[in-house]
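The values are calculated or read from the model by the stated rules, or taken from the named source; none is laboratory data. Note that the structure is a prediction, hence the values are computed from the model and not measured. Neighbour counts run over all protein chains shown; Cβ positions are idealised from the backbone, glycine included. To get the accessible areas, we keep the full protein, side chains included, count just its heavy atoms, and leave off ligands, DNA and RNA. Shrake-Rupley method; radii C 1.70, N 1.55, O 1.52, S 1.80 Å.
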Amino acid sequence: MEIVDFVKFKKEEIKKEVSLFDEVSFLIIQVGDNEASNAYVKGKIKDALEVGIKPVLKKLDENIKEEDILSIIDEANKDESICGIIVQLPLPSHIDEKKIALSISYKKDIDGFHPLSLFTPCTPKGIIMYLDSLNYDYESKNALIIGRSNIVGKPIASLLLNKNCNVTITHSHTRRDDLFSYVKNADLIIVAVGKTYFLDDTFLFKDDAYIIDVGINRENGKLKGDVIPNLKVKYQSPVPKGVGLLTRVALLENILEGKRNGI
């Protein structure tokens, strides 16, 4: 099943379960009028409405004081009608992003950024959901993760370890010669470095390798991945209409999970 079809299927499942509740709602806090943030927020609202989830958007002036944002979050933490809270990034430079993230209750941190969060970060969660739908056999597979961010690289490593994969994480300080060796022996490759076509056909791949491209790089008005298209492997996720869609549907799943848990 292609990612687009999988996402449609998951949305229908979520919609059916959402309909069993009186209301499922979440809060989005956006500070300022960043163009990219506007697009992301618009997408999240559209997704939520499609499945019957109520989005509550608080769009704040970019000059708002940090303590005022903290006050809004504190109120939402106590509001039993709110299943989850998102603070859209980036925030203005006078706002401490880490302090804001930590102020969200770990019970409502549907992005999964809080160290004690009850939720899996959305991109890793979406990837695993999709691989599960393909009946991917994780047992003793060599999984290579290129990128060690707290949002993708580290959490996906933990999830794959729990699936009994042999996990290797590489990063910006990994020597290229070593990377060639890791790629050559990898059964599953997750690429999340934010560099257009970082992984290309100069590398050697297993014929039955799976490649998940997390990259979303904008160049001349077009979206390009971290992996050059059409590599000779068994499966390669597309960009666009790939991991971005999985991230968005995983967010809906996290909101619903919050409601299931009575949050």
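Annotations for the structure displayed:
- Volume of the Cα convex hull of segment 99-182, divided per residue and given in Å³: 98 Å³
- To the nearest ten degrees, helix 243-260 and the longest principal axis of the Cα atoms of the chain are 40 degrees apart.
- When the chain is treated as a GNM with alpha-carbon contacts under 10 Å, the residue of Asp47, Asp178, Asp213 showing the greatest mean-square fluctuation is Asp178.
- Cut-off of 10 Å, at most 14 other beta carbons, DSSP loop: longest stretch of the chain lacking such GluC sites (Glu not before Pro): 140-263
- Helix axis angle, 122-133 relative to the chain longest principal axis, alpha carbon, degrees: 60 degrees
- Relative to the longest principal axis of the Cα atoms of the chain, the long axis of helix 35-50 lies at roughly 80 degrees.
- Cα-Cα over 28 Å, subset of Lys8/Lys65; Lys15/Lys224; Lys107/Lys224; Lys10/Lys163: Lys8/Lys65; Lys15/Lys224; Lys107/Lys224
- Check: the chain dipole with +1 on Lys, Arg Cβ and -1 on Asp, Glu Cβ, in debye: 420 debye
- Computed Kirkwood radius, in angstrom, where 1/r is averaged over Cα pairs of the chain: 19.4 Å
- Residues considered: Ala143, Ala209, Ala39. Largest GNM mean-square fluctuation over the chain, using C-alpha springs under 10 Å, is found at Ala39.
- Simple point charges give the picture: +1 on the Cβ of Lys and Arg, -1 on the Cβ of Asp and Glu, and for segment 1-77 a dipole about the Cα centre of about 380 debye.
- Estimated translational diffusion coefficient (Stokes-Einstein, Kirkwood radius over Cα pairs, 4 °C, 1.567 mPa s) of segment 126-258: 86 µm² per second.
- Antiparallel bridge percentage (DSSP; both residues within the chain; nearest 5): 10 percent
- Cα centroid separation - segment 1-78 against segment 80-121, whole Å: 12 Å
- The Cα center of segment 160-209 and the Cα center of segment 229-249 differ in position by 15 Å.
- Considering only Gly153, Phe203, Asn142, and ranking their Cα positions along the charge dipole of segment 116-263 that arises from unit charges at the beta-carbon of Lys, Arg, Asp and Glu, the one farthest toward the positive end is Gly153.
- A viscosity of 0.890 mPa s and a temperature of 25 °C, combined with the Kirkwood radius over C-alpha pairs in the Stokes-Einstein formula, give segment 133-186 a diffusion coefficient of 210 µm²/s.
- When only the Cβ of Lys, Arg, Asp and Glu is charged (+1, +1, -1, -1), the dipole of segment 155-263 relative to its Cα centre reaches about 300 debye.
- Entry comment: accessible area of segment 111-173 is 47 Å² per residue, from protein heavy atoms only and a probe of 1.4 Å.
- Positive-end residue of Gly262, Gly194, Leu245, charge dipole of segment 113-263 with Cβ unit charges: Gly262
- Applying the Kirkwood pairwise sum to the alpha-carbon positions of segment 41-127 produces a hydrodynamic radius of 13.9 angstrom.
- Apolar share of the accessible surface for the chain: 49 percent from carbon plus sulfur atoms, 1.4 Å probe.
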